[in-house]
Amino acid sequence: MDPILDQARSGQNVLERLAGKIPGFKGYRERELRRDADQLTREHLAGLLEACKKPLNELSVASSRSGDLSGINDLETARKRLDKVTARMRYADRGYSGFFDAVKVDEAALARVYAFDLGLLNGVEAVGGALAGPLPGVAGMIESLGALDALLTEREAILNGFK
């Protein structure tokens, strides 16, 4: 099974497990667990992106101290894009559609979004790996952040029924 979905399931109390035995409630609860697992996944990925700030800040300080300010604009661009993508990751829609919502998210779309979110890990790793080198790595980070931002836009399209 899926370890993230299992983690969401482990948080159930006795009453929730008992309610799972009620006809029709189990499917509803499974969707809720999937949404919780999706949130846990994206929160973890946002945390990994947040961790990329430290080496970026260290590069900025090192550049300033050495007097080499030629890459400061790129560092600031990377920092702004990192903040933007981190926020988009953390606060992206959970795939929840309420009773009165205009756009309904069906089970198949929710499963696609969940699988898509697990695939976002590669994009997050590319962002973190881009800083392995000196300032030329910042350009790679900016490029990786752009690709990750595009993936988040694609995710929104799936949730809104456009894809």
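Go through the range 32-56 and give me each residue that's more than 25 Å from Ala111 (Cβ to Cβ) and in contact (Cβ under 8 Å) with a residue 12 or more places away in the chain. Full working, then the answer.
The first filter runs over the range 32-56 and keeps only residues more than 25 Å from Ala111 (Cβ to Cβ), leaving 50-56.
Scanning the range 32-56 gives Glu50, Ala51, Cys52, Lys53, Pro55, Leu56.
For (1) more than 25 Å from the chain's Cα centre (by Cα); (2) more than 18 Å from Gly140 (Cβ to Cβ), each residue gets a yes or a no:
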site	(1), (2)
Ala37	no, yes
Leu40	no, yes
Lys53	no, no
Ser70	yes, no
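Identify, from the list Glu156, Glu143, the residue that is of a type in the set (Asp, Glu), assigned to a helix (DSSP H, G or I) and modelled with pLDDT of 90 or more.
Glu143
Consider only pairs whose beta carbons are under 9 Å apart and that are at least six residues apart or on different chains; among these, list those whose first residue lies in the range 63-82 and is more than 23 Å from Ser144 (Cα to Cα) and whose second residue is among the hydrophobic types (A, V, I, L, M, F, W, C) and surrounded by 12 or more Cβ atoms within 10 Å (Cβ to Cβ).
As it stands, the answer is Ser64/Ile72; Asp68/Ala62; Asp68/Leu135, since those pairs meet every condition given.
Say whether the condition of being touching a Lys or Arg at 6+ places or on another chain (Cβ under 8 Å), modelled with pLDDT of 90 or more, of a type in the set (Gly, Ala, Ser) and crowded, with 17+ Cβ neighbours inside 10 Å is met by at least one residue in the range 37-56.
yes
Determine if the range 101-115 includes at least one residue that is modelled with pLDDT under 90, charged (D, E, K, R), part of a helix (DSSP H, G or I) and closer than 22 Å to Glu30 by Cα. Walk me through how you get there before you give the answer.
Taking the range 101-115 first, the residues modelled with pLDDT under 90 are 101-115.
Imposing the further condition that a residue be charged (D, E, K, R) reduces the set to 101, 104, 106-107, 112.
After this cut, where a residue has to be part of a helix (DSSP H, G or I) as well, the list is 107, 112.
With closer than 22 Å to Glu30 by Cα added as a condition, the list becomes 107, 112.
Yes, that holds for at least one residue.
Of the residues that sit in the range 84-100 and are surrounded by fewer than 17 Cβ atoms within 10 Å (Cβ to Cβ) and more than 30 Å from Ile142 (Cβ to Cβ), which one is modelled with the highest pLDDT?
Tyr96
The values are calculated or read from the model by the stated rules, or taken from the named source; none is laboratory data. This structure is a prediction, so every number in the text was calculated from the model and none was measured. Reconstructed Cβ throughout: ideal geometry from the backbone, glycine too, with neighbour counts over all protein chains shown.
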